[in-house]
Amino acid sequence: MGVMGRKSLLTLTSPVCAQIRFSSPPIRELAISQGDSTMTNQNASGNCPILTTAEGAPIARQHALTAGPRGPLLMQDVQLLEQMQHFNRERIPERVVHAKGSGAYGTFTVTHDITRYTKASIFSRIGKQTECFLRFSTVAGERGAADAERDVRGFAVKFYTDQGNWDMVGNNTPVFFVRDPYKFANFIHTQKREPQSNLRSNDMQWDFWSQCPESLHQVTILFSDRGIPASYRHLNGYGSHTYSLINSSGDRVWCKFHFKTNQGIKNWMDDDAAKIIGHDRESHQRDLFNSIASGQFPSWTLKIQVMTQQQADAWSARTGWNPFDLTKVWPHADFPLIEVGQMVLNRNPDNYHAEVEQAAFKPSALVPGIGPSPDKMLQARLMSYADTHLHRVGVNHHQIPVNKPRCPVMHYMRDGQGATAETYGSAPNYWPNTHAGAPMPSEKFSDPTWDLGQAVVDRYDSTLDHDDFTQAGNLYRMFDDAHRDRLTTRIADALGTARRDIQMLQVCHFFRADPDYGRRVASKLKIDLNALPAGHPVPASHAL
């Protein structure tokens, strides 16, 4: 800061300090005549804590140490060096997906008994409360992306149960773009930046989507009126994947998790979102933080769908759909929602970086009574999400307070960057051992056996024997005429900047979902239906 006139005054306000007025004469005169007595006197009065280095050493004056008032810096100014070195390392690697997010703490309360399905302690009795932390996010954009962009929203909840942390890592949509994990990284690349121009590219996105018709269901949701939530408070959360629930008798059922917003669904139309982005790129973050700060605590009702293996076999035989396919929903008419409990967010984090940016969610954080399923995408995420936190936050990221289990933690994993040893101290670092009181496994937490039959291991083609169009068409037919027009207009606007051959192939997919869906998009793209590729699903009579 430049030297101010002698009569200039600077007023500082702090929640810790009383209001302090600092006069600002030239630095040399201040040092000689006052010796920073203003700060010394304020500190001595007990109004402020004394500023220190990271090692706790008191700091006398916040000015660089130089050889004379205009001279160069001295290397012995370790206080300045420490500050600059830490500043250079303030950022941790950005999440590849879900980079920008908002979070809050809350409680989950059981309101209905589901112990016939699961032995998970979080659901053990009606009225039981469990602390939780929920992180919302946009999916494709970087940390600087606007909150009100058209994008899927992440919905990740960490439940601090008395038998370990359970992470429910999902989205605000019940399905996803791909079913084969081999396609996941490639799909995300299309949502990021084109290698040469470093720009987002509709051509990349639609090139991939047109080659992967399994994406059609999610694409329809994304470009529908549901594509831009008005806030994080006004959206549902879904586990999306199929999970397993195991009860105390060892019976296993398949399960989907649904968090229904009690605030009601609210979305922005394109023009509204554009105006919001124009004056507030942090609209969702601001809304969530201010709502909780003002005592308007948002809440969600947790519901589940349950399917036995016998039901799964019968449903699959009847519909041709795989119950573990991430691009499919389970119709509520076949598998009705079962209410479980209420989740309320009632406390904002104290520090965004420490608690939201360092929060680590992973589907592999499972607890007794809740397990995986044959869902291929889930199986891959069991490794992928845990691995990304080892990279971003470190091997001991589970010791960071926001990630730390609230129950006792006993294991033989040791050391690594950031290890605190607070849970094991001088205890043995190997198993088995003969030390009294050493932690040991318990057979009572064993999962039931899982009969996979005579499975043949192979790299099966995930595009064969799959119906990628019926559910997308069913969703389209649920929309009224005005909604269908908005949906197809948005698609045509985005698809219109892709290459013509990509447009032609994608229009074929829309026709397979519903003829009207295809006709509307083709019309808005000014595509001659008679020129569609050979084998397209459009009869000549449908040509424009």
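Only one residue in E142, E131 is more than 21 Å from N236 (Cβ to Cβ) and in a strand (DSSP E or B), so which one is that?
On the way: E142 fails: in a strand (DSSP E or B).
On inspection, the qualifying residue turns out to be E131.
The residue of region 339-373 that is farthest from T138 (Cα to Cα), among those that are open to solvent by 40 Å² or more (accessible area, probe 1.4 Å) and not in a loop (DSSP other than H, G, I, E, B), is E339.
Can you say whether G71 is open to solvent by less than 10 Å² (accessible area, probe 1.4 Å), modelled with pLDDT under 90 and not in a strand (DSSP E or B), as far as the supplied structure shows? In short, no. Consider region 88-116 and keep the residues that are in contact (Cβ under 8 Å) with a residue 40 or more places away in the chain and of a type in the set (S, T, N, Q). The one that is least open to solvent (accessible area, probe 1.4 Å) is S102. Remark: L378 matches the filter, which requires a residue to be in contact with a His (Cβ under 6 Å, 6 or more places away or on another chain) and either in a helix (DSSP H, G or I) or surrounded by 21 or more Cβ atoms within 10 Å (Cβ to Cβ) (or both). Taking first residues from region 194-209 that are free of Cβ contacts under 8 Å to residues at least 60 places away in the same chain and partners that are hydroxyl-bearing (S, T, Y) and not in a loop (DSSP other than H, G, I, E, B), the Cβ contacts under 8 Å between residues at least 6 apart in sequence or on separate chains come to S201/T190; M204/T190; F208/T190; F208/S215.
Would you mind stating whether D225 is surrounded by 22 or more Cβ atoms within 10 Å (Cβ to Cβ), among the acidic types (D, E), closer than 28 Å to L288 by Cβ and modelled with pLDDT of 95 or more? Give the steps one after another, and end with the answer.
Details: surrounded by 22 or more Cβ atoms within 10 Å (Cβ to Cβ): no; among the acidic types (D, E): yes; closer than 28 Å to L288 by Cβ: yes; modelled with pLDDT of 95 or more: yes.
No: the conditions fail for D225.
Residue selection: D225 satisfies the criterion of being farther than 27 Å from R347 by Cβ and assigned to a loop (DSSP other than H, G, I, E, B). Scanning region 413-461 for residues that are among the small types (G, A, S), surrounded by 10 or more Cβ atoms within 10 Å (Cβ to Cβ) and under 34 Å from the mean Cα position of the chain (by Cα) turns up G416, G418, A419, A421, S446. Quick one: count up the residues across region 117-141 that are in contact (Cβ under 8 Å) with a residue 24 or more places away in the chain and open to solvent by 50 Å² or more (accessible area, probe 1.4 Å). Number of matching residues: 2.
The one condition from (1) outside any helix (DSSP H, G or I); (2) of a type in the set (D, E); (3) open to solvent by less than 30 Å² (accessible area, probe 1.4 Å) that E194 does not meet is (3). The single condition from (1) touching a residue at least 24 places away in the same chain (Cβ under 8 Å); (2) over 30 Å from S240 (Cβ atoms); (3) of a type outside the set (S, T, Y) that W431 fails is (1). List the residue pairs whose Cβ atoms are under 6 Å apart, where the first residue sits in region 357-376 and is farther than 21 Å from G101 by Cα, the second is buried (at least 19 other Cβ atoms within 10 Å of the Cβ) and of a type in the set (V, I, T), and the two are 6 or more positions apart or on different chains. Once the first residue is farther than 21 Å from G101 by Cα and sits in region 357-376, its partners that are buried (at least 19 other Cβ atoms within 10 Å of the Cβ) and of a type in the set (V, I, T) give V367/T161; G369/T118; G369/I246; S373/T242; D375/T242.
Candidates V157, V175: the one that is closer than 28 Å to F469 by Cβ and among the hydrophobic types (A, V, I, L, M, F, W, C) is V175. Take D493 and decide whether it is of a type in the set (D, E), at pLDDT 95 or above and under 30 Å from the mean Cα position of the chain (by Cα). Taking the combined requirement at face value, the residue satisfies it.
The values are calculated or read from the model by the stated rules, or taken from the named source; none is laboratory data. Note that the structure is predicted; figures quoted are calculated from it, not measured. Glycine gets a Cβ as well: all are built from the backbone with ideal geometry, and neighbour counts include every protein chain shown. Surface accessibility is based on the protein's heavy atoms, side chains included, excluding ligands, DNA and RNA. Shrake-Rupley method; radii C 1.70, N 1.55, O 1.52, S 1.80 Å.
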